[in-house]
1. Quick one: which of Val110, Val101 is of a type in the set (A, V, I, L, M), in contact (Cβ under 8 Å) with a residue 60 or more places away in the chain, crowded, with 17+ Cβ neighbours inside 10 Å and over 17 Å from Cys170 (Cα atoms)?
2. Restricting attention to region 206-236, report how many residues are within 20 Å of Thr189 (Cα to Cα) and without any contact (Cβ under 8 Å) to a residue 60 or more places away in the chain.
3. Could you tell me how many of the residues in region 166-211 are in contact with a helix residue (DSSP H, G or I) (Cβ under 6 Å, 6 or more places away or on another chain) and either part of a helix (DSSP H, G or I) or surrounded by fewer than 18 Cβ atoms within 10 Å (Cβ to Cβ) (or both)?
4. For Arg70, which of the numbered conditions (1) among the charged types (D, E, K, R); (2) in a loop (DSSP other than H, G, I, E, B); (3) touching a helix residue (DSSP H, G or I) at 6+ places or on another chain (Cβ under 7 Å) fails to hold?
5. Just give me the residues in region 252-278 being among the hydroxyl-bearing types (Ser, Thr, Tyr) and closer than 21 Å to Gly19 by Cβ, in sequence order.
6. Assigned to a helix (DSSP H, G or I), at pLDDT 80 or above and either over 16 Å from the mean Cα position of the chain (by Cα) or within 21 Å of Thr100 (Cα to Cα) (or both), is that true of Thr279?
7. Filter region 84-98 for residues that are outside any loop (DSSP other than H, G, I, E, B), over 13 Å from the mean Cα position of the chain (by Cα) and surrounded by 24 or more Cβ atoms within 10 Å (Cβ to Cβ) and give the result.
8. Is it true that Pro260 is within 30 Å of Arg128 (Cβ to Cβ), modelled with pLDDT of 85 or more and not charged (D, E, K, R)?
Amino acid sequence: MNTLSSSSRDARQSLVAAGAVAFTIASWASAFPFIRIGLHGLTPLQLAASRFATAAVLIVAWLLWRRPRRPTKRDALRFLLCGLLGIALYNALLNTGEQTVSAGAASFIVNTLPIFTALLAAVFLGERFNRWGWLGSLVSLAGIAVIARGQPGGLVLGAGSTLILGAALCSASYFVLQRRLIPVYGALTCTAYTLLAGALLLTPWLPGALAALGGDASRDTVWAVVMLGVFPAALGYATWTFALGYFGAARAASFLYLTPAVATALSIALTGERPGIETVLGGLLAIAGVVFVAWRGRS
């Protein structure tokens, strides 16, 4: 009887964990088409400010409920830097890039950030990065070049594709910086402090966003802001933390390779954008390189 109940409990936990992974992927993938929708009524920085102001409401409620450990003054500055790199700059570059780059193409470019994370970890944290890692990186960069060929401006500095590549680099820098904070505060608390710091840094653009949302912005724009703030920015991180605890970092991260495909499918459904041949071929190359680095790239 105990064996049966234990098996039933394990099956339920597996089902809940699988649901958490699916919810996380769908939430994070939805960000790319919703950004495209939100940009119809807001500037890139206004969209970022309103998105994370929405998320901040949920984050503050969670912090008041859980009352996690407060950061020291030195760590508070580190969280501020995390918020600058991982939230403010990342979203400013991504949103600006998506003014000209399709949601599907943007998702493939951003999904190469594990490579930048591995490279930065090798430089600043002393982690080993072998020749297979360099080969996988070159394959991914070749994929990005193919994707960029199908987007306005290509890989010219300042073009949408290069801005999104810069966003991936900012996010990778944030991940490396956060690694020393997670053992002290925990993954979910670190994410909450980082998102809150990013929201504070974006407040100069919030009045303009509120004026636009209360004025000529369409219902679709308002809906996009709410969706971006609630799902990718807040709930997606909570379910991701649960998935990490169940599957472990390596196995959970492998599921994220599905994100660009889901983002592309959602883009077709929500915005009518259909990926070109360059996006499909380049995306496959980019993800192949990321998978290669994850499996063989570190000694």
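The values are calculated or read from the model by the stated rules, or taken from the named source; none is laboratory data. Because the structure is predicted, anything quoted here is derived from the model rather than measured. Cβ coordinates were reconstructed from backbone atoms using ideal geometry, including for glycine residues, and neighbour counts include every protein chain displayed.
1. Of Val110, Val101, the one residue that is of a type in the set (A, V, I, L, M), in contact (Cβ under 8 Å) with a residue 60 or more places away in the chain, crowded, with 17+ Cβ neighbours inside 10 Å and over 17 Å from Cys170 (Cα atoms) is Val101.
2. Final tally of qualifying residues: 0.
3. Counting residues in region 166-211 that are in contact with a helix residue (DSSP H, G or I) (Cβ under 6 Å, 6 or more places away or on another chain) and either part of a helix (DSSP H, G or I) or surrounded by fewer than 18 Cβ atoms within 10 Å (Cβ to Cβ) (or both) gives 31.
4. Failing condition for Arg70: (3).
5. We begin by selecting, within region 252-278, every residue among the hydroxyl-bearing types (Ser, Thr, Tyr); these are 254, 257, 259, 264, 267, 271.
The answer is Ser254, Tyr257, Thr259.
6. yes
7. Gly97
8. Here the answer is yes, as Pro260 does meet what is asked.
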